[in-house]
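Asks: My questions will all concern the structure given below.
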Amino acid sequence: MTEQVLRFVDGAAYEQNMGIWSRLAGEVFLDWLAPPLGLRWIDIGCGNGAFTELLIARCAPAEVQGIDPSDGQLEYARGRPDARTAKFLQGDAMAIPFGDGRFDAAVMALVLVFVPEPRKGVAEMVRVLKPGGIAATYMWDMLGGGFPFEPVLDEMRAMGLSPTRPPQMAASQIATMQELWSGAGLEGVETREITVQRTFTDFDEFWAISLKAPSIGPAVAAMNSADVAKLKEGVRKHVPADSTGRIVRTARANAVKGRRPK
């Protein structure tokens, strides 16, 4: 069987499904980085610009370049009114289209597990950094149950289905991040967990938004109606509502940072 590839092509769908989550985790991430204002940044795998927009609001950067392989995501990013100062272009995390030593900070927001060769991706981050520049990432703890819609994936697996997975799941683990950053020659490497919560109006909202994930939606669309109903009811049992009917979901990410030697 041909290996399925997760593709993020719909910026609006991504915004509802993951953009909100990205900013929730991104707030904590930027608090932790505590960067000075006025830096030159590159947002690698910027997607639809959810984190880029937050970065601009929080860090008053002198420059922001966002790269991503998806035209659809980039089109959405360019339409963000609060991200107009950023420049978005198509690019590969393993072959960043900028010269050596261009940026003060290089970040990946929810990207690392999608880079086919994480070690090469981190080496590229380091290459485009100035001496003393910071390289950092945060990624859902994919192997530790930290993904926001993990209950849906769990129930799919319980039904004998095999949801499409990112190619480098181990890169979401703190130990792997530590090794990648140290192995790339970065100094002062630190890691941490980031835990965030998001509230959904009710189960139907949670379910509808979960279907916008490329690891979930296409698989559910291919199921017959009886199996979809079974899946939905199984998920409902794992995400109980509060007294008002709301669903409060917790997600957990791992993060790492380090500096290029001066």
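The values are calculated or read from the model by the stated rules, or taken from the named source; none is laboratory data. Note that this is a predicted model, so its numbers are computed, not measured. Positions of Cβ are generated from backbone atoms using ideal geometry, with glycine treated the same way; all protein chains shown enter the neighbour counts.
To keep it simple, each residue is scored yes or no on (1) within 26 Å of residue 13 (Cα to Cα); (2) modelled with pLDDT of 95 or more; (3) touching a strand residue (DSSP E or B) at 6+ places or on another chain (Cβ under 8 Å); (4) among the polar types (S, T, N, Q).
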residue: 156; (1), (2), (3), (4): yes, yes, no, no
residue: 165; (1), (2), (3), (4): yes, no, no, no
residue: 173; (1), (2), (3), (4): no, yes, yes, yes
residue: 198; (1), (2), (3), (4): yes, yes, yes, no
residue: 214; (1), (2), (3), (4): yes, no, no, no
residue: 220; (1), (2), (3), (4): yes, yes, no, no
residue: 230; (1), (2), (3), (4): yes, yes, no, no
residue: 257; (1), (2), (3), (4): no, yes, yes, no
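Asks: Go over the candidates 86, 135, 123, 106 one by one and state the one that is in contact with a Cys (Cβ under 9 Å, 6 or more places away or on another chain) and either buried (at least 22 other Cβ atoms within 10 Å of the Cβ) or on the phi < 0 side of the Ramachandran plot (or both). Don't jump to the end; show me each part of the working.
Replies: Numbers: 135 fails: in contact with a Cys (Cβ under 9 Å, 6 or more places away or on another chain); 123 fails: in contact with a Cys (Cβ under 9 Å, 6 or more places away or on another chain); 106 fails: in contact with a Cys (Cβ under 9 Å, 6 or more places away or on another chain).
When all the criteria are applied, what remains is 86.
Asks: Scan region 241-262 for residues that are buried (at least 17 other Cβ atoms within 10 Å of the Cβ) and under 14 Å from residue 146 (Cα atoms) and jot them down. First the steps, then the outcome.
Replies: Going through region 241-262, the residues buried (at least 17 other Cβ atoms within 10 Å of the Cβ) turn out to be 247, 249, 251-260.
Scanning region 241-262 gives 249, 251, 252, 253, 254, 255.
Asks: Moving on. Residue 22 - would you say it is in contact with a Leu (Cβ under 9 Å, 6 or more places away or on another chain) and surrounded by 19 or more Cβ atoms within 10 Å (Cβ to Cβ)?
Replies: Working: in contact with a Leu (Cβ under 9 Å, 6 or more places away or on another chain): yes; surrounded by 19 or more Cβ atoms within 10 Å (Cβ to Cβ): yes.
Criteria met by residue 22.
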